[in-house]
Amino acid sequence: MSIKALVFDAYGTLFDVQSVAAVTDAAFPGHGATITQIWRLKQLEYTWLRALMDRYEDFWTVTRDSLDFTLRTLGLASSPELVARIAAAYDALLLYPEARTALEGLASHRLAIFSNGSPDMLKRLVANAGITDLMETVISVDEIGVYKPDPRGYAHVEKRLGLARAEILFVSSNGFDIAGAKAHGFHVARIERVSSGKLRNELAAAATIDPALMFKALRMQPEQLGFQADATIAALTDLVSYVAGLRQA
């Protein structure tokens, strides 16, 4: 197999969506953890709902709307200005600790991001993390107006890179994205942020299931849709040896 490019999902794969908790808790002390989880769950749901409704809006709009839903649902008073200030936390998500080392170790390959994020959001996110120079390009679904896991999005990646799907290794930690990329025909590596065994132990030990644990159960496990990743990898840095093995196979 000749892998010429690695294409990374952004949110939850390279960047930690949980890192907005400091901002949400500062805005609403004691509610940060709950806001963070409902916000992300609803953010993804709104991409899927808009896709089914054929009513595309960019990810900045989706991010604001899903935060507004969350605050209203929890009965927390806000204003459009406050919603926008909190939503801007998505422009400064923390890079996972091993991400830079992994990207530097893969520098002999073409590296790209393919994300639901709007172009401006992704530009700020990548710049704030200091990895602009490590990426050949950043591809947004906004270029074609369809959200993942629509197959047209993954086809657009091939077109933008000028590569066949067999030449692309797609990397994600999100179950819906993994299923979509695999159904399209990409070789897919899943970054396992939470193993199924660890999750089961956490669930068994929990007196109550808090929002963070519920999020792990709903969004951080492989989806049962008939399309599984070709490899499950514990950390981004393990991609270096994995890709080297593919070259030798």
Grab every C-alpha pair in the stretch 54-116, bin the distances at 5 angstrom width from 0 up to the longest one, and report whole percents. 3, 13, 18, 17, 13, 12, 10, 8, 4, 1, 0
Separation of the GLU223 and THR132 label points, Cα + 7 Å toward Cβ, nm: 3.3
If amide H atoms are modeled at 1.01 Å from N in the peptide plane, then the residues at a separation of 5 or more from PHE170, or on another chain, having amide H under 5 Å from its own are VAL7, HIS187, VAL188, ALA189
Proximal aspartates and glutamates relative to LYS216, as straight alpha-carbon distance under 15 Å, when same-chain residues fewer than 8 apart are discounted: ASP16, GLU192, GLU202
Taking only protein heavy atoms and a 1.4 Å probe, the highest-to-lowest accessible-area order of THR61, THR232 is THR232, THR61
Potential lengthening between ASP230 and LEU76 on full extension [0.36 nm per residue; Cα-Cα distance subtracted]: 51.1 nm
Antiparallel bridges, percent of DSSP beta bridges restricted to the chain (to nearest 5): 10
Ordered by residue, what ³J(HN,Hα) values in Hz, to whole numbers, does the stretch 68-73 give under the Karplus form 6.51 cos²θ - 1.76 cosθ + 1.60, where θ = phi - 60° and Gly and Pro are x? 4, 4, 4, 5, 5, 4
Rounding to the nearest 20 debye, state how big the charge dipole of the chain is about its Cα centre with +1 on each Lys and Arg Cβ and -1 on each Asp and Glu Cβ. 340
Among LEU239, LEU49, LEU94, which one moves the most in a GNM of the chain with springs linking Cα atoms closer than 10 Å? LEU49
Ignoring ligands and nucleic acids, what accessible area does LEU225 show with a 1.4 Å probe (Å², nearest 10)? 110
Net charge, GLU167 excluded, C-beta distance under 11 Å - Lys, Arg +1, Asp, Glu -1: +2
Show the residues, 5+ positions off or on another chain, whose built amide H is closer than 5 Å to the amide H of TYR96. PHE15, ASP16
Charge dipole (the stretch 93-249, unit charges on Cβ, about Cα centre) - positive-most of ILE113, THR232, MET135: THR232
Size of the dipole of the stretch 196-249 about the Cα centre, Lys and Arg at +1 and Asp and Glu at -1 on the beta carbon, nothing else charged, in debye to 20? 40
Residues of the chain: accessible area per residue with a 1.4 Å probe, Å²: 45
As an exercise, take the mean of 1/r over every pair of distinct alpha carbons in the stretch 1-71, invert it, and state the Kirkwood radius in angstroms. 13.6
Listed residue (TYR56, ALA26, LEU82) projecting farthest to the positive dipole end of the chain, Cβ model: TYR56
When the distances between all Cα atoms of the stretch 19-161 are binned every 10 Å from zero, what whole-number percent does each bin get? 11, 37, 34, 16, 2, 0
Taking THR73, THR208, THR24 and ranking on accessible area (1.4 Å, protein atoms only), highest first, one gets THR208, THR73, THR24
With a 22 Å threshold on alpha-carbon distance, the violating pairs from LYS159/LYS182; LYS148/LYS198; LYS4/LYS159; LYS123/LYS148; LYS42/LYS148; LYS4/LYS123 are LYS148/LYS198; LYS4/LYS123
For the stretch 118-131, take each phi angle, set θ = phi - 60°, evaluate the Karplus expression 6.51 cos²θ - 1.76 cosθ + 1.60, and give the result in whole Hz per residue in order, putting x for glycine and proline. 6, x, 5, 4, 5, 4, 5, 4, 5, 5, 4, 7, x, 10
Equivalent-ellipsoid semi-axes (√(5λ), Cα gyration tensor) for the stretch 106-249, whole Å, largest first? 27, 19, 16
For the chain, with a Gaussian network of springs between Cα atoms less than 10 Å apart, report the residue from ALA155, ALA205, ALA217 with the top mean-square fluctuation. ALA205
GNM top mover of ALA212, ALA33, ALA204 - the chain, alpha-carbon springs below 10 Å: ALA204
A correct Karplus calculation of ³J(HN,Hα) over the stretch 85-90, with 6.51 cos²θ - 1.76 cosθ + 1.60, θ = phi - 60°, whole Hz and x for Gly and Pro, returns 5, 5, 4, 5, 4, 6
Compute the normalised compactness of the chain: alpha-carbon radius of gyration over 2.2 N^0.38 Å, N being the residue count. 0.99
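The values are calculated or read from the model by the stated rules, or taken from the named source; none is laboratory data. Since the model is a prediction, treat every value here as computed from it, not as a measurement. Reconstructed Cβ throughout: ideal geometry from the backbone, glycine too, with neighbour counts over all protein chains shown. When the accessible area is computed, the model is the full protein with side chains, heavy atoms only, and any ligands, DNA or RNA have been set aside. Shrake-Rupley method; radii C 1.70, N 1.55, O 1.52, S 1.80 Å.
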